[in-house]
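*Asks:* This is the structure I have questions about; it appears just below.
The values are calculated or read from the model by the stated rules, or taken from the named source; none is laboratory data. Quantities reported herein were computed from a predicted structural model and do not represent experimental measurements. Virtual Cβ from ideal backbone geometry, glycine too; neighbours counted across all protein chains shown.
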Amino acid sequence: MHDFEFQRYVTVGQYLATDSPLHHLDPRARLVSSIFLLVAITAAPHLSGLGLALAVTFLALIAARVPLSYALRGLLAPLPFILFLALLQIVFGSPENTSPAWFTLGPLHISKMDLLTGSVIIVRFAALILLISLASAIISTSELVHGMQALLRPLTMLGIPTQDIVLMAQVTLRFLPLLALEAEHIAKAQASRGAEWGTGKTGILHRVRQALPLLVPLFLNSLQRAEALALAMEARGYHGGKGRTSMLELHFRASDAIALIIASALSVVIVML
């Protein structure tokens, strides 16, 4: 039955109320710090910087009292695709790569630079997934909404519908676990009709071949769920924009400023290292 348990591997969008020091920070500080680190990991060109980012993410997971086994579980689902991308980079390489070949097999030439580039892809995706899981674990849905509204409030003067942007982010995070549950139902339905699930094969190509038939029904069910949500919101009189207030008052303290300074400094070091 483990072949059908997709939801247990989804850590993005799951809030963990561990009452850690990171949970007591202002939601705006948590959001901005996470964004700084995400941008740094995306822009880091070297493996040393990405290794530092991965180490910082593990330390933050420990500080947030998030079990490492739970966080690493989120890497299992996308791992075959990450390894497949790294393998493509290693095999085909870059046309600008002029380093000598480290391994040669017929027309296949693999250099140390190709292996380094593949390692960069693996570490970058692992750090991004773990950091997004950490941000989901320490920021609840209500805190995310209030924090984004406070950060985007100046944009309302430019006529930008910030309330709609916040709503889209909230719905996206809420629907990720539901998509995993929907994928479980589709996989079980296909297996009951003779699809090859749970055959014991664990290769990358086999995993990709299993996932392809899920995409179309999963996409259609997501559209139906989104349409039902829109109709329910309209029936309940939802409207964004002016006139909406909040019961929660955010307070920016010295600890929040220190967290922002540390996150920004680490982001600069990750990119420049």
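*Asks:* Applying the selection to the stretch 11-27, what residues are closer than 24 Å to Pro177 by Cα, part of a helix (DSSP H, G or I) and not hydrophobic (A, V, I, L, M, F, W, C)?
*Replies:* His23, Pro27
*Asks:* Additional query: Can you find, within the stretch 161-182, the residue that is surrounded by the fewest Cβ atoms within 10 Å (Cβ to Cβ) among those that are among the aliphatic types (A, V, I, L, M) and farther than 19 Å from Tyr238 by Cβ?
*Replies:* Only one residue tops the list, namely Leu181.
*Asks:* Out of the stretch 130-187, which residues are of a type in the set (Gly, Ala, Ser) and assigned to a helix (DSSP H, G or I)?
*Replies:* Of everything in the stretch 130-187, those that are of a type in the set (Gly, Ala, Ser) and assigned to a helix (DSSP H, G or I) turn out to be Ser133, Ala135, Ser136, Ala137, Ser142, Gly147, Ala150, Ala169, Ala180, Ala183, Ala187.
*Asks:* Name the residue that is farthest from Ala126 (Cα to Cα), counting only residues in the stretch 59-72 that are touching a helix residue (DSSP H, G or I) at 6+ places or on another chain (Cβ under 7 Å) and buried (at least 16 other Cβ atoms within 10 Å of the Cβ).
*Replies:* Only one residue tops the list, namely Ala64.
*Asks:* Is it the case that some residue within the stretch 81-101 is within 30 Å of His251 (Cβ to Cβ), in a helix (DSSP H, G or I) and at pLDDT below 80?
*Replies:* no
*Asks:* I've got another one for you. For the stretch 77-91, give me the residue count where each residue is more than 18 Å from the chain's Cα centre (by Cα) and of a type in the set (A, V, I, L, M).
*Replies:* 5
*Asks:* For the subset of the stretch 127-162 comprising residues that are of a type in the set (S, T, N, Q) and either modelled with pLDDT of 75 or more or within 19 Å of the chain's Cα centre (by Cα) (or both), which member is nearest to His23 (Cα to Cα)?
*Replies:* Ser140
*Asks:* Something else now. Restricting attention to the stretch 37-51, report how many residues are in a helix (DSSP H, G or I) and crowded, with 19+ Cβ neighbours inside 10 Å.
*Replies:* 5
*Asks:* Within the stretch 192-204, is there a residue that is surrounded by 13 or more Cβ atoms within 10 Å (Cβ to Cβ) and at pLDDT 70 or above?
*Replies:* Among the residues of the stretch 192-204, not one is surrounded by 13 or more Cβ atoms within 10 Å (Cβ to Cβ) and at pLDDT 70 or above, which makes the answer no.
*Asks:* Given the conditions (1) free of Cβ contacts under 8 Å to residues at least 24 places away in the same chain; (2) more than 18 Å from Val32 (Cβ to Cβ); (3) surrounded by 12 or more Cβ atoms within 10 Å (Cβ to Cβ), and given that Leu158 satisfies all but one, which numbered condition is not satisfied?
*Replies:* Of (1) free of Cβ contacts under 8 Å to residues at least 24 places away in the same chain; (2) more than 18 Å from Val32 (Cβ to Cβ); (3) surrounded by 12 or more Cβ atoms within 10 Å (Cβ to Cβ), only one is false for Leu158: (3).
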